[in-house]
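The values are calculated or read from the model by the stated rules, or taken from the named source; none is laboratory data. Nothing here was measured: the structure is a model prediction, and the numbers come from that model. Here the Cβ positions follow ideal geometry from the backbone for every residue, glycine too, while neighbour counts run over all protein chains shown. SASA here: full protein model, heavy atoms, side chains in, ligands and nucleic acids out. Shrake-Rupley method; radii C 1.70, N 1.55, O 1.52, S 1.80 Å.
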Amino acid sequence: MKVISWNLLRRTGAAVRHVAALIGHERPDLMLMQEATREMEALPALAGGHFHRLPWASRIHGLAVWSPAPLAVPRSLPLPASRLPGRLPRRVSQIV
């Protein structure tokens, strides 16, 4: 099984076409994405497959997953609060 995980860095990072190109080149079984914006919802139109996105409360980005095969809808699991200073929202993980 090939799994790719990518923090897309929503402001300066990858566009949906970059993610689709990586999928086309590497053919992963699972593509996990962090800081995925609504733009990534176009991924199935460009790369085929199946896509789910979990928006992060009060942010324009969230967690996402792509697979060539159908997936059950992922669920979120709250994580312990960050000790980093700043106004970070509560962290969550994506259970696929």
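Key figures
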| read-out | value |
| --- | --- |
| Mean projection area, nm², convex hull over Cα of the chain | 6.4 nm² |
| Dipole in debye (nearest 20) - segment 1-50, about Cα centre, beta carbon charges: Lys, Arg +1; Asp, Glu -1 | 100 debye |
| C-alpha long axis of helix 16-26 to longest principal axis of the chain, angle in ° | 60 degrees |
| Solvent-accessible ranking of 92, 73, 16, largest area first, probe 1.4 Å | 73, 92, 16 |
| Protein accessible area in the chain, 1.4 Å probe - carbon and sulfur % | 57 percent |
